[in-house]
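Report on the structure given below.
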Amino acid sequence: MLLIGTILFGDKSEASVHWKFLPLLSDFASIRQYSWGSACLAHLYRSLCRVSRFDCKEIDGPLTLLLCWAWMRLPYLALIPREPRSFPLANRWCNWERGDRVYRYLKLAHFWKALDDLQECQFLWVAYSVDRVDPDIIPAEIYIHSVIWSATVPLVSFECIEWHATDRFRQQFGFIQGVSHQERNLDRAHGEVLTGPKNLNWATATSHSFWVMQWTNRYNHVLTEEPMAPQ
């Protein structure tokens, strides 16, 4: 419950965990079969969407995931020397207060300006290549289904539906970007909230069944192109 309420699906209550997660924990033998990663990513996308509104003052969701993404893709934000690697990869920054690391002394205004001045060469599209992450660090079971990392599908978690628009960021999979397709409109599904009947089975709900079916067929929606030639 601590993991769900503070790391994976934290919300602005800061002190409670929504009861909707309880049925998922009723059978501990089955919980490792759930796609926790896609659900977690759906909540992060939803949080980023809401915090972009002018009247939003706080952000919730799996912010550790967001920070780790930023550190890996934009290393100048929190640069660390090459150290013995470990998994999870975020452990590389766990002792950020130790040592003489420059970013310890930087103020918020510095990072605002750094993001404003971002150059193309400062962003790492292929952040998990062998020259950056030792091949034995990321567990093999994570790579087993890596083909679906690029699946352009809806991410579903209870009432939350967010679009995984991998076709708009092909370079992170080693593909040439080209012209993006029209962005998928989730319409009413994007504004769904937890109201109405309790114990609703979102997998069969009228508003969700269409999106769940696309997720079920995710292996049919992976990116398949010729790899991008080395620059």
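The values are calculated or read from the model by the stated rules, or taken from the named source; none is laboratory data. As the structure is a prediction and not an experimental result, all values here were calculated from the model. Cβ coordinates were reconstructed from backbone atoms using ideal geometry, including for glycine residues, and neighbour counts include every protein chain displayed.
Any chance you could count how many residues in region 180-200 are modelled with pLDDT of 80 or more, part of a loop (DSSP other than H, G, I, E, B) and loosely packed, with under 10 Cβ neighbours inside 10 Å?
Qualifying residue count, region 180-200: 2.
Can you find even one residue in region 164-174 that is touching an Asp or Glu at 6+ places or on another chain (Cβ under 9 Å), more than 17 Å from Ala39 (Cβ to Cβ) and polar (S, T, N, Q)?
no
Quick one: what pairs do we get from region 79-96, first residue under 11 Å from Cys68 (Cβ atoms) and at pLDDT 75 or above, second β-branched (Val, Ile, Thr) and surrounded by 12 or more Cβ atoms within 10 Å (Cβ to Cβ), C-beta under 8 Å, 6+ apart or different chains?
The qualifying pairs are Leu89/Val133; Leu89/Ile137; Leu89/Ile138; Ala90/Thr64; Arg92/Ile80; Trp93/Ile80.
Under 9 Å between Cβ atoms, at least 6 apart or on separate chains: pull out the pairs that start in region 28-49 with a residue that is of a type in the set (D, E, K, R) and end on any residue that is assigned to a helix (DSSP H, G or I).
Arg46/His190
If you go through region 114-145, how many residues are polar (S, T, N, Q), surrounded by 13 or more Cβ atoms within 10 Å (Cβ to Cβ) and assigned to a loop (DSSP other than H, G, I, E, B)? Before you say what the answer is, go through the steps one by one.
In the first step, residues of region 114-145 are kept if they are polar (S, T, N, Q); the result is 119, 122, 129.
Checking the rest, the ones that are also surrounded by 13 or more Cβ atoms within 10 Å (Cβ to Cβ) come to 122.
Remaining after also requiring assigned to a loop (DSSP other than H, G, I, E, B): none.
The number of residues fulfilling the criteria is 0.
Which of the following residues is surrounded by 14 or more Cβ atoms within 10 Å (Cβ to Cβ), more than 24 Å from Phe87 (Cβ to Cβ) and of a type outside the set (A, V, I, L, M): Thr152, Thr166?
Just one listed residue meets the conditions, Thr152.
Name the pairs whose Cβ atoms lie under 8 Å apart, with the first residue in region 98-124 and within 14 Å of Ala78 (Cα to Cα), the second hydroxyl-bearing (Ser, Thr, Tyr) and surrounded by 10 or more Cβ atoms within 10 Å (Cβ to Cβ), and 6 or more positions between them or separate chains?
Ala114/Tyr76; Gln122/Tyr76
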